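Only one structure is covered here, and it is reproduced in the block below.
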Amino acid sequence: MSRKILITGGAGFIGSHVVRLFVNKYPEYTIGNLDALTYAGNPENLKDVEARPNYKFIKGDITDESFINQLFQSEGFDAVIHLAAESHVDRSIMDPLAFVKTNVLGTAILLNAARNNWKEKEGKLFYHVSTDEVYGSLGETGFFTEETPYDPRSPYSASKASSDHFVMAYHHTYGLPVVMSNCSNNYGSHHFPEKLIPLMINNIRNNKPLPVYGKGENVRDWLWVNDHAAAIDVIFHKGRTGEKYNVGGFNEWKNIDLVHLLCRIMDKKLGRADGESAKLITYVKDRQGHDLRYAIDATKLNKELGWKPSLQFEEGLEKTVDWYLENQEWIDHVLSGSYQQYYQQQYANR
Ligand code: NAD
Ligand code: DAU
């Protein structure tokens with residue numbers, strides 16, 4: 001069956017893996033990748049698929065209401081997979097309103113365009129990609145299930161929680177066919193080096209301090225990004241409309257233990273003496289309002305749709321380290337403002 005799918009945020013970390021999976025696996029689908037190319041978006045992430053006949057890049061901002069309405073009218077999408085967002089918690093603490101604008105207003109504008117353009121609801125779907133951070137922070141025990149009440153605690157998670165509520169409100173009020181997933185921390189290739197794992201890899205390589213927030217005792221549940229993309233694929237095709245699904249790695253790590261593991265892997269890869277990289281660990285001031293622990297119970301997704309993570313963490317981390325060591329040029333590009341400007345110009349007229 002042919003479908004016309006709008007993927008938002010496809011030039012970012014997770015979005016680029018989702019776009020690649022859909023373009024390769026479903027040649028009968030047409031994939032439009034709408035992305036504003038903020039600092040986090042990089043069309044280079046999709047070099048391998050950009051010439052495919054079933055792929056189209058669309059530069060644009062989800063907060064531009066008239067642009068989005070025109071796009072829906074002219075393209076006639078029958079589904080949306082919405083990933084575009086401001087995604088970094090530390091940035092949300094510095095500039096919360098940017099997160100309200102993109103994550104809340106941008107999502108509402110997309111929902112409204114879908115509502116106005118999808119007169120016939122049969123065969124339509126709005127898939128919203130969200131985070132486990134909407135559930136707040138766990139203590140030493142317990143897991144987030146789909147029934148856990150929302151308790152967002154950072155401007156980022158508050159903006160994502162708000163967008164989740166809008167998605168469900170459009171379903172209940174207007175009958176918009178929606179599905180949603182809330183995922184734990186992803187890791188893998190093309191992850192912007194402001195986030196813990198790629199930042200540490202880059203700093204270890206360059207012999208720079210490894211900034212561990214607080215005592216490093218906060219816990220995150222890590223999932224390989226390709227496994228998240230596979231979950232999105234199965235939920236998009238088989239998930240029940242109006243439902244939400246938790247996605248997680250069953251893979252909890254204290255930050256400090258994870259950083260030590262990375263140091264050990266990097267010592268081997270770089271031919272350093274055992275323990276050499278760990279000397280770079282530097283404890284720094286804690287993140288404000290730092291959530292202690294996230295852990296996802298993904299039983300519903302496993303039982304209903306048969307999804308489970310495919311990769312052991314140590315293996316995934318080693319693959320990730322290898323990718324960063326082989327792609328220093330990518331790191332240099334994404335960290336260079338002039339490179340971003342260059343690409344903004346490249347895509348300005350598309
Ligand atoms: P990212 O920051 O790597 O990518 C975000 C993308 O959105 C970028 O390409 C950026 O250019 C684009 N974008 C930002 N503002 C835009 C706007 N106004 N209009 C159009 N495009 C815009 O983010 P990510 O880590 O890939 O996360 C993708 C989605 O998945 C987000 O919704 C995030 O909340 C969610 N999520 C992320 C994780 C994670 O661990 N990274 C986990 C669970 C859920
Ligand atoms: O749980 C899903 C969320 O995971 C996503 O919704 C977010 O988009 C994504 O950015 C991620 O949020 P985190 O805040 O958990 O990820 P981050 O990589 O920023 O931090 C992971 C942990 O590491 C967190 O406890 C803070 C800590 N940290 C982070 C950085 C960048 C450090 O100790 N030092 C650092 O330099």
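The values are calculated or read from the model by the stated rules, or taken from the named source; none is laboratory data. Values in this document were obtained by computation on a predicted structure and should not be read as measured data. Cβ atoms come from the backbone with ideal geometry, glycine included; neighbour counts cover every protein chain shown. Accessible surface is based on the protein model in full, side chains and every heavy atom, while ligands, DNA and RNA are left aside. Shrake-Rupley method; radii C 1.70, N 1.55, O 1.52, S 1.80 Å.
Say whether the condition of being closer than 30 Å to Ala79 by Cα, in a strand (DSSP E or B) and touching a Ser or Thr at 6+ places or on another chain (Cβ under 9 Å) is met by at least one residue in region 226-235. No, region 226-235 contains no residue that is closer than 30 Å to Ala79 by Cα, in a strand (DSSP E or B) and touching a Ser or Thr at 6+ places or on another chain (Cβ under 9 Å). Close Cβ contacts (under 6 Å, 6 or more residues apart or on different chains) running from residues in region 12-39 that are in a loop (DSSP other than H, G, I, E, B) to residues that are charged (D, E, K, R) and modelled with pLDDT of 95 or more comprise Tyr29/Arg3; Ala36/Asp61. Determine whether Leu223 is within 16 Å of ligand 1 (Cβ to nearest atom) and free of Cβ contacts under 8 Å to residues at least 60 places away in the same chain. No; evaluated as a whole, the condition is false for this residue.
Are any of the residues in region 21-35 under 18 Å from the mean Cα position of the chain (by Cα) and open to solvent by 10 Å² or more (accessible area, probe 1.4 Å)? Yes, some residue in region 21-35 is under 18 Å from the mean Cα position of the chain (by Cα) and open to solvent by 10 Å² or more (accessible area, probe 1.4 Å). Scanning region 68-93 for residues that are of a type in the set (Val, Ile, Thr) and over 22 Å from Val167 (Cβ atoms) gives a single hit, Ile93. Note on region 235-249: residues that are under 18 Å from Asp132 (Cβ atoms) and more than 14 Å from ligand 2 (Cβ to nearest atom) amount to 5.
Within region 163-187, residues that are among the aromatic types (Phe, Trp, Tyr) sit with their Cβ atoms under 6 Å from residues that are open to solvent by 40 Å² or more (accessible area, probe 1.4 Å), at 6+ positions apart or across chains, in these pairs: Tyr174/Arg115. Filtering region 213-224 for residues that are surrounded by fewer than 22 Cβ atoms within 10 Å (Cβ to Cβ), among the hydroxyl-bearing types (Ser, Thr, Tyr), farther than 18 Å from Ala85 by Cβ and within 15 Å of ligand 2 (Cβ to nearest atom) leaves a non-empty set. Scanning region 158-194 for residues that are under 13 Å from the mean Cα position of the chain (by Cα) and either within 12 Å of ligand 2 (Cβ to nearest atom) or of a type in the set (A, V, I, L, M) (or both) yields Lys160, Ser181, Asn182, Cys183, Ser184, Asn185, Asn186, Tyr187, His191, Phe192. Residues in region 290-309 that are assigned to a loop (DSSP other than H, G, I, E, B), in contact with an Asp or Glu (Cβ under 7 Å, 6 or more places away or on another chain) and open to solvent by 30 Å² or more (accessible area, probe 1.4 Å): Pro309 only. For region 236-248, the candidate set comprises residues that are touching an Asp or Glu at 6+ places or on another chain (Cβ under 9 Å) and in a loop (DSSP other than H, G, I, E, B); within that set, the residue that is surrounded by the most Cβ atoms within 10 Å (Cβ to Cβ) is Gly248.
Yes or no, residue by residue, for (1) within 24 Å of Thr241 (Cα to Cα); (2) touching a strand residue (DSSP E or B) at 6+ places or on another chain (Cβ under 9 Å); (3) of a type in the set (Gly, Ala, Ser):
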position	(1), (2), (3)
Gln73	yes, no, no
Gly76	yes, yes, yes
Ala79	yes, yes, yes
Val89	no, no, no
Asp95	no, no, no
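Here Asn206 does not qualify as over 24 Å from Asn112 (Cα atoms) and touching a residue at least 60 places away in the same chain (Cβ under 8 Å). Looking only at region 54-70, decide whether some residue is modelled with pLDDT of 95 or more, in contact with a Pro (Cβ under 9 Å, 6 or more places away or on another chain) and either β-branched (Val, Ile, Thr) or within 22 Å of Gly239 (Cβ to Cβ) (or both). No, region 54-70 has no match at all.
The residue that is farthest from Thr107 (Cα to Cα), counting only those in region 40-66 that are within 18 Å of the chain's Cα centre (by Cα) and outside any helix (DSSP H, G or I), is Asn42.
Confirm whether Leu46 is at pLDDT 95 or above, in contact with a strand residue (DSSP E or B) (Cβ under 8 Å, 6 or more places away or on another chain) and closer than 20 Å to Phe13 by Cβ. Here the answer is yes, as Leu46 does meet what is asked.
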